[in-house]
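Visitor: Below you'll find the structure I mean.
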4 protein chains.
Amino acid sequence: MIKVKLVGATGYGGVGLIELLLRHPEIEVSTLIAANDTGKPISHFYPHLQGFCDMMVYAADAPEADADADVVVYSTPDGIGMQLAPEEVKKGRKVLDYSGDFRFNSVELYKEYATRLGLPPTHKSPELLKQAVYGLTELHRDKIAEANIVGNPGCYAVACILGLAPAAQAGMIENGKIICDGKTGISGGGKKPKPGFHYPEAYDNTYAYRLTGHQHVMEVERELSLLAGCEIQTTFTPQVVPMSRGIMATLYGTLAANATQKKVLAAYKAFYADKPFIRVSDAPSSTSHVRGSNFVNITVACDERTGTLRIISHIDNLIKGQAGSALQNLNIMFGLDEMAGLQLPGAHP
Amino acid sequence: MIKVKLVGATGYGGVGLIELLLRHPEIEVSTLIAANDTGKPISHFYPHLQGFCDMMVYAADAPEADADADVVVYSTPDGIGMQLAPEEVKKGRKVLDYSGDFRFNSVELYKEYATRLGLPPTHKSPELLKQAVYGLTELHRDKIAEANIVGNPGCYAVACILGLAPAAQAGMIENGKIICDGKTGISGGGKKPKPGFHYPEAYDNTYAYRLTGHQHVMEVERELSLLAGCEIQTTFTPQVVPMSRGIMATLYGTLAANATQKKVLAAYKAFYADKPFIRVSDAPSSTSHVRGSNFVNITVACDERTGTLRIISHIDNLIKGQAGSALQNLNIMFGLDEMAGLQLPGAHP
Amino acid sequence: MIKVKLVGATGYGGVGLIELLLRHPEIEVSTLIAANDTGKPISHFYPHLQGFCDMMVYAADAPEADADADVVVYSTPDGIGMQLAPEEVKKGRKVLDYSGDFRFNSVELYKEYATRLGLPPTHKSPELLKQAVYGLTELHRDKIAEANIVGNPGCYAVACILGLAPAAQAGMIENGKIICDGKTGISGGGKKPKPGFHYPEAYDNTYAYRLTGHQHVMEVERELSLLAGCEIQTTFTPQVVPMSRGIMATLYGTLAANATQKKVLAAYKAFYADKPFIRVSDAPSSTSHVRGSNFVNITVACDERTGTLRIISHIDNLIKGQAGSALQNLNIMFGLDEMAGLQLPGAHP
Amino acid sequence: MIKVKLVGATGYGGVGLIELLLRHPEIEVSTLIAANDTGKPISHFYPHLQGFCDMMVYAADAPEADADADVVVYSTPDGIGMQLAPEEVKKGRKVLDYSGDFRFNSVELYKEYATRLGLPPTHKSPELLKQAVYGLTELHRDKIAEANIVGNPGCYAVACILGLAPAAQAGMIENGKIICDGKTGISGGGKKPKPGFHYPEAYDNTYAYRLTGHQHVMEVERELSLLAGCEIQTTFTPQVVPMSRGIMATLYGTLAANATQKKVLAAYKAFYADKPFIRVSDAPSSTSHVRGSNFVNITVACDERTGTLRIISHIDNLIKGQAGSALQNLNIMFGLDEMAGLQLPGAHP
């Protein structure tokens, strides 16, 4: 079995990976690390795991934290992975990081990202940054297969980039501008209680936030620009809806001259023909259709009357938006079947 | 007291008006009519009204249905008001209709509307149609004051039109195209249970619907085109989020050459300076801030980097989107204070 | 106008009273005090109040905090009111406190209460404690009318005591034991975010808490024992359900020998005949029927087959369970109509 | 592979079994039957199954409905299984039924059950009824292993019976009376939209129903009486809380003379020592801890002060309360590992 050392085990991103690996035939969690919730089994913090995973959670500097591992997964906020990864890489371990630490592989781009977020602008492991691969499996499968360091994509970024990649590549977006109207469930904000996520404030309520700039925009623009071969600018409106899980990104652009709904649909079906986790359709879908799974349901619904490219992308923010993408990447990094441990449809209702 | 005969009293739009009129100093509900839920007091269907309104609900053809009234409000689906209104008008009563029956004042426009919806294309009261005034108070106050027949606007239309009216009038929308990304609470679908509104299907779920065309688009385009002085085309994406009440419309267009966030904000503040139910700001708001009230909270949040006009409009779909607008119109139709009975902030949380 | 100085203005209990007083003809909020959220208008913290109440929130030691007032309302946690009230009483002001500080009028009983909660056992204003009246209006109307100091009841206690008072008084509870199975909405836990109230944890989830003893049990036992003329012991199970507002208390006891469903129902109707906020019925009700109002909906549903007294009591925890009861008490303390400012049915849905 | 013909495939109980069998190593769904939703693949009705189960749904009289099968599962309302089962049994197939059709193995008991529900009192397959085994695996494992016909228990019944079985058997319930305060998520009412389950009515709302008698009481009383060796009477209060999934049953009785919290806890741990799906504890749990799994979390929380036996039982109503229990029974009926296909912890949050 391939052994995973999971840092940040007690957050939603950590427990998500634990859940997925419980059914994985070749990868297992071997060490659980956390900053605060330590000294107790993970099933103390997540009682549904009782009997399934009762491993102890250790602090990063505990002796047990240094057990044997093939790969270290950082399910941690920005700034942690870049600090701890070098030592792990020296030990010959691969690294996958959920944060922005390894999503940009130059210090300049990282600086821009960090500056937007108000983080220290200097990356702490520039030598590792150079090797880092952006972990959006559908776009970078081959590089991920050879990577030692993978930066898992942002949850919104997964929905937006996959929602527009075929149109970008096919030159179907006129004038290089797109709008991403994003709606997220509240689990995307993590496990830590905050005023806007307090049940009485969050129920029966929808609101926008970070209107002056969300940290996932840079990824979206880079990836789509690469595919389009020209600059793609993104207006991104992050919004919270009263759900626990799910992201729905409604994406808009100007339809290029020759593009029609029919052509766009065909382009999407072709682009994703061999991608096992992408479902393309011209019928409406819903976040509940992907809840609990690693699938991306993409609806192509252009408005020819107004000449508008319109795509709706649905993911489970904690699976395809986080732990599922992580596992998909791990599968590829270790030469396994891309779908191993991810062959699950979720549950309804 | 001005007497209201309320047809469709047992739907959400009906009970909403009853609730509001309970505190109105000069208008009262005098007769309650419904198609199905008849022969019992309204408080049987809505027990929270017990002791506040225990009036009997009658069928339209019951003798009691013909009691004295100053105005008839049709809180009914398309097709009812146009059939029943002529007789009421003959009796000298004013008419306000919640449906699309009197939103368009030519048979041609009505035909287009009805055709989109799959309704019979011929309006049944063309002579009344000519006199009908579109009941968006902030835009048509003077005409409403003199109107005998008012077509109350669609809930989404209220959010979209008010959200873009100042920009349209000021010529700040480049190229005549806008995008309306609408999110609605489920009460917007009415009282009748439907599969997509069944709790286990609707909770933790967000989805788009009617992607090929929503019935409120025509109103939006007509009103904004009138204000802009040129054709405004709308791409509208109606979406359901797991809320009971509230509409949030995120509106996008291309910023005209000289327009900036600062100028747009100023234009909005000026346009709505004397409109008591509109709050303009550049800070994010939320549907919970207007829940239970007749207010429209408008956030001006243009993205100058991408040259995008971005406006977010929040309403309570059952108040400003329906019964509240109706009462605001009634106030004006009868020469009363526009805010009478609507001076309420809602409750939090 | 009677002036209220409101301490703890920015919590849910504070804003609830502000909302109610907005429509009160004779009482108004005159000073707003808070511990943390100070230096800004209340409408900054509760934007729905914008234009309705934009008064500044002050710290308790700010000069403005000492403005003229007829009554001081402490919407604060245990321990605050007893410390601050003496000074206010000296100034001739009446006092109403939401916490347990003035619910027990002997130092011994307070000590027992405080000990259960892990609070310091010594009451800080024993001389005021003696004058304190328990503010359950339906039971202590006359004393409240003459009181200078009123201890507003706990939210669960309101639902339980009113749900069982008639049975207790009529001797219909055999063997002196009752069970209170309580379900509360999350707003009952206040405005402060906590892990169990974080939306992703609280949605789609029901759980019990404080199984070894809830602070409201003492009130319940005292009041019911007084009515019954013998000791009534309570097993109380507090439970959280995924709602914002509402308490439903399902109450069980052994039916006394001669008691039947019919007799119990009659006893309840008689007991509450002149209580304007109590609705008694043998039909099921729901928390939504009292949401947004000061009403208590009581369902009498004894199970004669098993000889079980069963009563279900529904309140809005933030109104009849808190701010509404407070206002009902204020009305009586100042000789006003008990229903002033409370004549509201709530809104549906 | 063991082949399952699933009748009622498109209800929540049907899709639940399909989901579980997707991961079962030795049992598979082979034929899908429904009353209404036929002629399309099951993934049309449940799009999350796309790519996992795209089998066609047939009417019961379609030629394809008669394909080979080892067992027929009726996920259907009362009255269907008893009509269709005889023919299947003749073909040598085993039968498992979700409804009350085979929960009582005498015509007299069935008659009583049917009468309570207002169903025709005569069982249509009395000869099969005699062989029927009540499918609560933890109590009737051996009989189920040899059964040809199993009546799957009611969802509430699972929670109540398993919650009280150890106390009943150990004689810890004084005076033969228990109270079951049950809270269910709305999926328990099935897939069909109804007024009380319409999102705007169901959100932020808790209510009781069927206060004069719920159909699951008979099972509860029979099973507990059998264990206790004397009659156990049940007062059952079914209540709806705004969740999709989950049942929490709070169970009360009078503690027998010598029973203490410690002894009760010990008795529960002993009783369930070898039952893989039961977790016993004295700490509070929650429905979210069992959501998506076949586990029963039982909290023993007696109130010694009042002499009250108090047990809280948590299940996922659609798994342990329905499809999971069904699969657990199928495993045992076919000599497989009881946990096969059920080794899943659910997902959090």
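Where a number appears in this text, it was derived from the coordinates with a stated rule and is not lab data. Quick caveat, the model's predicted, so the values are computed rather than measured. Using ideal geometry, Cβ is built from the backbone for each residue, glycine included, and neighbour counts are taken over all protein chains shown.
Visitor: Taking a label point 7 Å out from Cα toward Cβ, give me the nm distances from residue C:231 to the same spot in the other copies, shortest first, one decimal.
Guide: Going from nearest to farthest copy, the values are 3.2, 8.1, 8.6 nm.
Visitor: Once you sort the root eigenvalues of the Cα gyration tensor of the protein assembly as shown as a ≥ b ≥ c, which label holds: rounded (a/c under 1.5), prolate (a/b larger than b/c) or oblate (the other case)? Walk me through the numbers on the way to the answer.
Guide: Values: a/c = 1.29, a/b = 1.02, b/c = 1.26.
Rounded shape, in that the Cα axes give a/c under 1.5.
Visitor: Further question on the same structure: Over segment C:156-317, what is the relative contact order in whole percent, taking alpha-carbon pairs under 8 Å and six or more residues apart?
Guide: Working: 340 pairs, mean separation 50.7, N = 162.
It comes to 31 percent, rounded to a whole number.
Visitor: Compute the relative contact order of segment C:1-146 as a whole-number percentage, counting only Cα pairs closer than 8 Å that sit 6 or more residues apart in sequence. Please list the in-between numbers first.
Guide: On the way: 240 pairs, mean separation 27.6, N = 146.
Here the relative contact order equals 19 percent.
Visitor: Between segment D:231-304 and segment A:179-250, how far is it from one alpha carbon centroid to the other, in angstrom?
Guide: A separation of 40 Å, based on Cα centres.
Visitor: Straight-line reach from residue B:91: which lysines have a Cα under 19 Å away, not including same-chain ones fewer than 8 places off?
Guide: Qualifying lysines at Cα under 19 Å: B:3, B:5, B:124, B:130.
Visitor: Could you derive backbone 3J(HN,Hα) for segment C:314-320 from the dihedral phi with the Karplus parameters 6.51, -1.76 and 1.60 (θ = phi - 60°), listing whole Hz in sequence and x where the residue is Gly or Pro?
Guide: For segment C:314-320, the Karplus curve yields 10, 9, 8, 4, 8, 10, 4 Hz.
Visitor: Which whole-number percent is the relative contact order of chain A (Cα, under 8 Å, 6+ apart)?
Guide: Values: 769 pairs, mean separation 58.3, N = 349.
Relative contact order comes out at 17 percent.
Visitor: Continuing with this model, one more query. Placing the label point 7 Å from Cα along the Cα-to-Cβ direction, what are the distances from residue C:83 to the equivalent spots in the other copies, shortest first, in nm to one decimal?
Guide: 3.6, 6.9, 7.1
Visitor: How far, in nm to one decimal, is residue A:28 from itself in the other copies if the label point is set 7 angstrom along Cα toward Cβ? Shortest first, please.
Guide: 2.9, 7.3, 7.8
Visitor: Please order A:75, A:125 by the number of other Cβ within 10 Å, starting at the fewest.
Guide: On the way: A:75 29, A:125 21.
Ordered by Cβ neighbours within 10 Å, fewest first: A:125, A:75.
Visitor: Roughly speaking, what is the centre-to-centre gap between segment D:92-108 and segment A:80-119 when only Cα atoms are used, to the nearest Å?
Guide: Answer, in whole Å: 61.
Visitor: Work out the mean other chain Cβ neighbour count within 10 Å for the residues of A:40-47 and drop it here as an integer. Spell out each step's value before the answer.
Guide: Working: counts 0, 0, 0, 2, 0, 1, 4, 12.
That average works out to 2.
Visitor: Now, a different point. Apply the Karplus parameterisation 6.51 cos²θ - 1.76 cosθ + 1.60, with θ equal to phi minus 60°, to every residue of segment C:44-51 and state each ³J(HN,Hα) to the nearest whole Hz, in sequence, with x for glycine and proline.
Guide: My calculation for segment C:44-51 gives 6, 7, 10, x, 5, 7, 3, x Hz in order.
Visitor: By count of other Cβ within 10 Å, fewest leading, how are D:223, B:221, C:112, A:338 ordered? Present the calculation step by step, with values, prior to reporting the outcome.
Guide: Working: D:223 24, B:221 21, C:112 13, A:338 17.
With the sparsest Cβ surroundings first, the list reads C:112, A:338, B:221, D:223.
Visitor: Where the centroid of each part is defined by its Cα atoms, how far is segment D:306-349 from segment D:36-65 in Å?
Guide: 26
Visitor: What average number of partner chain Cβ atoms lie no more than 10 Å from the Cβ of the residues making up B:4-16? Walk me through the intermediate numbers first.
Guide: Details: counts 0, 0, 0, 0, 0, 0, 0, 0, 3, 0, 0, 3, 3.
Average neighbour count from other chains, rounded to a whole number: 1.
Visitor: Can you count the Lys pairs in segment A:156-316 with C-alpha separation below 22 Å, eight or more apart or on different chains? Provide the component values of the computation, followed by the final result.
Guide: Values: A:177/A:262; A:177/A:263; A:183/A:191; A:183/A:192; A:183/A:194; A:262/A:275; A:263/A:275.
Qualifying lysine pairs in segment A:156-316: 7.
Visitor: Grab the beta carbon distance between residue C:266 and residue D:192, set R0 = 30 Å, and tell me the FRET efficiency rounded to 0.05.
Guide: In this case the efficiency is close to 0.20.
Visitor: Still on this structure, I have one more. Given Cα positions, please report Rg to Rh for segment B:206-324, the hydrodynamic radius being the Kirkwood one. Display every interim value, and only then the final one.
Guide: Details: Rg = 14.8 Å, Rh = 15.5 Å.
We get a ratio of 0.95 for segment B:206-324.
Visitor: Hey, what number do you get for chain B at 222 nm if only DSSP H runs of n ≥ 4 count, each worth -39500 (n - 2.57), divided across all residues, to the nearest 500? Don't skip to the answer; put the middle values down first.
Guide: On the way: 11 runs with 103 residues, N = 349.
Result for chain B: -8500 deg cm²/dmol, rounded to the nearest 500.
Visitor: Moving on. Assuming R0 = 25 Å, what is the FRET efficiency of residue A:83 and residue A:56, from their Cβ-Cβ distance, to the nearest 0.05?
Guide: Numbers: r = 23 Å, r/R0 = 0.93.
Computed FRET efficiency for residue A:83 and residue A:56 comes out at 0.60.
Visitor: Counting only Cβ atoms, what residue of chain B lies nearest to the axis that sends chain B onto chain D, and how many whole Å off?
Guide: With distances in whole Å, chain B gives B:193, 2.
Visitor: Any idea how far apart residue D:130 and residue C:130 come out in nm if each label point goes 7 Å out from Cα toward Cβ?
Guide: The two pseudo-label positions are separated by 8.2 nm.
Visitor: For D:148-161, what's the mean count of beta carbons from other chains sitting within 10 Å of each residue's beta carbon?
Guide: Values: counts 0, 0, 0, 0, 0, 0, 0, 0, 0, 0, 0, 0, 0, 0.
Across D:148-161, the average partner-chain Cβ count within 10 Å equals 0.
Visitor: Quick check on the exposure proxy: order A:19, B:138 from fewest to most C-beta atoms within 10 angstrom.
Guide: Values: A:19 26, B:138 20.
Ascending number of Cβ neighbours within 10 Å: B:138, A:19.
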